[in-house]
Structure formats: structure tokens, C-alpha cells
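Take a look at the structure set out below.
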Amino acid sequence: MTALRLYNTLTRQKEELRPVREDIVRIYSCGPTVYRYVHIGNLRTFMLPDLLRRSLEYLGYRTEQVMNITDVGHLTDDTFDRGEDKMLVSARLEHKSPKEIAAYYTQAFMTDAALVNIRAADHNPRASQYIAQMIELIEKLIARGHAYEVGGTVYYDIASFPAYGRLSRNSTDKLLAGARGEVDPRKHHPGDFTLWKAAGEHRLQVWPSPWGPGFPGWHIECSAMSMSLLGETFDIHTGGADNVFPHHEAELAQSEGVTGHRVVNHWMHGGLLMLSGARMAKSAGNFFRVTELVDQGFDPLAFRYLALQAKYRTTLNFSTEGLAGADRALAMLRRRVGEWSTGSDDSSQGREFEDFEARFRAALADDLDLPAAMALVSEVTHSNLPAARRAELLRRWDRVLGLDLDRVAPDIELPAGAEALLEAREKARTAGDFETSDRLRNELAAMGMTVTDTPEGQRWKNAPHK
Ligand SMILES: [Zn+2]
């Protein structure tokens, strides 16, 4: 097993991963709220634990992953626990029951995730199946002085937990300043968050509790499901950067408030996906579902290829041009792997092969440096390794990258040398060297290739053989 260093949001530094149980790394990932389709920004977030697991397994670990499905309790204003349950809003709009909404969008999520080769988690607990465990945690929090009940609603008392704000670096003063608009005057502190909400007018998604009928807050769900399935100490918790506050700050306060000790060893958060300078979000109306990219003619794994080119913690700007570039690069890579695989087999692996392999593992072990891993992919394709060895390395690395490099490109065969010319021309175009790009277009034309330039890059056709 290779030792890994992972950035921990809690301590703001890279730390060596030391699994609680030596033989297995146990991961909890916040999953989708199933009231609508996930967009590609969500998929980038869910790709992080997938890449984490694949990397860990490549480096010799076993993994166990829980990804929850939120089917109750996630309100439309999750910063201040206000508004309506998102499930109920969709149920009303679509004239369906919350159960039907949950079943439909859970299936859609699984389908979309599979399109970008996100492997399914070992467990997908539904929040609505863990109500009893949530009630038990809330009772313990009340008994330990971390929570209080007012009129059937239970709030977490953030003043009772001095570490509150440590994960997100939010001070309670800042929380106070952020509490605009109507806040329940029965709260001790405006930043106190809901553990259990009295049913009020609600008739759907309501359960009995020691405080009367109601439903759980969003944050308590993840404390209940993570500790029920992974125990009171586990290795890694993942989520999107937008989950740090309030969701994970609250989860940490709940889980540690109940157990009195550290529960999560590493907090990992994936950067957001931006579109035209704004965060991809349904509310902003600027988002794509991955199937829309497929409808536009892109390979869904081109999105995965694009995501691999940025460090997982950085914000990634999405553009159709960028996706088109990734789509072409992926098709070319597959074609090469296909060609090289049929090359004569030279069984000696040699020093260069081992050196590449060591560098790939080192990139993964350094806080999942996948851009560095992708740079190695490019280096291998231009290396002097025998073709069959190049293909072998890339196929092996694809266990982590998940790009289906073994898939045969559907394109018709290109004339010998055309691929190199296309690549050179793309480079020249990008660099603004139009003299070279025109010359290369003529050379390609002489081979029977018609090349046209589009805003998304060059497109080519291979003239039919006569
Ligand atoms: Zn969560």
C-alpha cells in the first residue's frame, strides 16, 4: 500500500491518511436531494469520491462507501432552515407523491452517474428510512445540553459547542450578521439550526416523535446515516464546497456533540463548476444535465476527461469549447490505445515503464493530483516505450481515470499520419499560427481528409474510398 496525503478542510493542510481499520478505508459521501435531475456540477461533486475510491484501490486499499439519498427535510433555504421541503415543492409541481418523486429522481441520478462512469456506492441509505436513528441522536443531544425544544421543534444550541464554526471558519458573529429576514424568535441564537421541525400544516412526510409529529432537519440525516453504517469514527467524508456550511459544520457539531469525540478524520470538498462566471445551479437557470451533452453529440466521458484536467479542489469553468476539446482528445486517445494494443508484444517492461508507473502512483498519493496523472498520460503517448507497453500502461491507469480507453472509437479509420497532422494543426490554430494550419489543411486534403473549422474546433471528414 502506498501512503496517501489528503487535504483536510478541517485543518487546512494535507495530512497522511491513516485508516481507522488498517485494511479498509471507509468513506461517507453526501448524496443528492432527489427532487430534480442532477446537473453536471453535481456530477463533478460525486465524481470526487469515485476518483478517491479508484485511487485508493489502485494504491492497494480496500474501500467501503456510503452515499446517502436525501428524500426528506432539505428546505428551500438551507442556510437558515426556512422555506419548504424541496421534495414537497416538486411533488406539488409534478402532481405526484413525494415517494414517486424520490423514486423517479433517484433512478435518474443513478443513470446520469453511470454515464460518467461514477461507480455506485456500496450503500445508498434513504434518509426516510433512518428516522428512528435521527430521533435517538436528537434525544441524546437534548440530554447532553446541546439541543432544546420549543413548541415541537428542536434546535441545536450552537453556543453549547465551542468548536462550532471551525470547519467553515465562520464565527458566530458572522452568523449573526448573516441572519437576515425573519428568524424564529424562540431561537437562543439566530444561528441555531433545526434538528426536528414540528409538522405545522404539513400532512405529507411527517413522522411521530417525542416532540409531536414532524420531520427531521437535513443535517441530522447525515449524522444518523454515517454513524449507523460506518460507526462513530470513520476515515473520510466528502461533499461539495457548498456543503461546508451549513451542512457539514452542523453535522460535525451533532456527531461530536453526541459522541464527545472526533468522528470524521478527513473532510474532503470538491470545487464547484461554473458556467459563464456563475455557479451552476438550477435556481440560476444555468445548468446542463449530462444527457443534454449527449444530445449535443458529445461522449459523456468527455465531461469526465474535462474534470480530470483540474485539481478537484479548484473551481472549474465549464464551456462547450472546452468540452469539445476534451471530446476530441478522448477519441484520439482511444484510437491510439486501440492501435497500440495490436502492436507486437514486447514483454520486457523496462525501467521507463516502471518509472512512469511510480510517477502515476505518486500523483494519486499527492492529494489525488489527477491533472498530473493526465500529464503523464500525454507523456506516455509521446514516449519511446514500445507501443504495446504504452497501451498497457494507459489501460492500467484507466482503472482510475475511468475513460473507457479500451472502447474502440467509432470513427472510420484515418489514413496513416493523418492523426499527427490533425493534432499539429489543432496546436497551430490554438497558437494563432494560421500559416501552418493552412499548410496542414492542404496536406490533409491531399490524403482525402476534409477539415473545417468551427467555433468548437476543427471537424474532419474522411472522403470515402473510391
Ligand atoms: Zn450530507
Checklist entry - For Trp218, are the conditions met, namely being within 13 Å of the ligand (Cβ to nearest atom) and open to solvent by 20 Å² or more (accessible area, probe 1.4 Å)? => result yes
Checklist entry - Mind checking which residues of the range 437-451 are open to solvent by less than 70 Å² (accessible area, probe 1.4 Å) and assigned to a helix (DSSP H, G or I)? => result Ser437, Leu440, Leu444, Ala445
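Assess whether His261 counts as being outside any strand (DSSP E or B) and open to solvent by less than 10 Å² (accessible area, probe 1.4 Å).
Values: outside any strand (DSSP E or B): yes; open to solvent by less than 10 Å² (accessible area, probe 1.4 Å): no.
Answer is no for this residue.
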Item to check | Hey, Glu22 under 19 Å from the mean Cα position of the chain (by Cα), open to solvent by 40 Å² or more (accessible area, probe 1.4 Å), over 23 Å from His219 (Cβ atoms) and away from the ligand (no atom under 16 Å from the Cβ) or not | outcome: no
Checklist entry - How about the range 25-47: which of its residues are closer than 17 Å to Gly270 by Cβ and part of a loop (DSSP other than H, G, I, E, B)? => result Cys30, Gly31, Pro32, Val38, His39
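If only one of Glu339, Glu354, Glu292 is of a type in the set (Asp, Glu) and touching a residue at least 12 places away in the same chain (Cβ under 8 Å), which one is it? Write out each step before concluding.
Values: Glu354 fails: touching a residue at least 12 places away in the same chain (Cβ under 8 Å); Glu292 fails: touching a residue at least 12 places away in the same chain (Cβ under 8 Å).
Answer to the check: Glu339.
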Checklist outcome for this item: In the range 113-171, anything over 32 Å from the mean Cα position of the chain (by Cα) and either on the phi > 0 side of the Ramachandran plot or not assigned by TED's automatic domain parsing to the domain that holds Leu52 (or both) is listed as Gly145, Gly151, Gly152
Next on the checklist: Only one of Ser55, Ser29 is within 16 Å of the ligand (Cβ to nearest atom) and among the polar types (S, T, N, Q). Can you tell me which?
Outcome noted: Ser29
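Got a sec? Which of Ser160, Ser171 is over 23 Å from Ile27 (Cβ atoms), more than 15 Å from the ligand (Cβ to nearest atom) and in contact (Cβ under 8 Å) with a residue 12 or more places away in the chain? Talk me through it step by step, then tell me what you get.
Numbers: Ser171 fails: in contact (Cβ under 8 Å) with a residue 12 or more places away in the chain.
The match here is Ser160.
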Checklist entry - Any idea which of (1) open to solvent by 20 Å² or more (accessible area, probe 1.4 Å); (2) over 30 Å from Arg53 (Cβ atoms); (3) at pLDDT below 95 is the one Ala103 doesn't satisfy? => result (2)
Checklist entry - Out of all the residues in the range 137-150, which are surrounded by 14 or more Cβ atoms within 10 Å (Cβ to Cβ) and of a type outside the set (Lys, Arg)? => result Leu137, Ile138, Glu139, Leu141, Ile142, His146, Ala147, Tyr148, Glu149, Val150
Checklist outcome for this item: Among the residues of the range 48-96, the number that are at pLDDT 95 or above, crowded, with 19+ Cβ neighbours inside 10 Å, in contact with a His (Cβ under 9 Å, 6 or more places away or on another chain) and not in a helix (DSSP H, G or I) is 4
Item to check | Enumeration of residues in the range 273-306 that are open to solvent by 40 Å² or more (accessible area, probe 1.4 Å) and in a loop (DSSP other than H, G, I, E, B) | outcome: Ser276, Gly277, Lys282, Ser283, Ala284, Gly285, Phe287, Phe288, Arg289, Gln296, Gly297
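So, in the range 1-39, exactly how many residues are of a type in the set (A, V, I, L, M, F, W, C) and under 18 Å from Glu57 (Cα atoms)?
Initial filter on the range 1-39 (of a type in the set (A, V, I, L, M, F, W, C)): 1, 3-4, 6, 10, 17, 20, 24-25, 27, 30, 34, 38.
From what is left, the residues that are under 18 Å from Glu57 (Cα atoms) are 1, 3-4, 6, 17, 20, 24-25, 27.
The qualifying residues number 9.
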Item to check | Filtered residue count, the range 425-436, keeping only those that are under 36 Å from the mean Cα position of the chain (by Cα), exposed (fewer than 15 other Cβ atoms within 10 Å of the Cβ) and part of a helix (DSSP H, G or I) | outcome: 2
Checklist entry - What are the pairs, 6+ residues apart or on separate chains, where a residue within the range 224-243 that is touching a residue at least 40 places away in the same chain (Cβ under 8 Å) has its Cβ under 6 Å from a residue that is away from the ligand (no atom under 11 Å from the Cβ) and among the hydroxyl-bearing types (Ser, Thr, Tyr)? => result Ala224/Tyr130; Met225/Tyr130; Gly240/Thr45
Checklist outcome for this item: Of the residues in the range 231-257, those that are surrounded by 22 or more Cβ atoms within 10 Å (Cβ to Cβ) and more than 15 Å from the ligand (Cβ to nearest atom) number 2
Item to check | Hey, Ser90 away from the ligand (no atom under 14 Å from the Cβ) and within 18 Å of the chain's Cα centre (by Cα) or not | outcome: no
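The values are calculated or read from the model by the stated rules, or taken from the named source; none is laboratory data. It should be emphasised that the depicted structure is a prediction, and the values quoted were computed from it without experimental measurement. All Cβ positions, even for glycine, are placed from backbone atoms using ideal geometry, and neighbour counts span all protein chains on display. All accessible areas refer to the heavy atoms of the entire protein, side chains included, with ligands and DNA or RNA removed. Shrake-Rupley method; radii C 1.70, N 1.55, O 1.52, S 1.80 Å.
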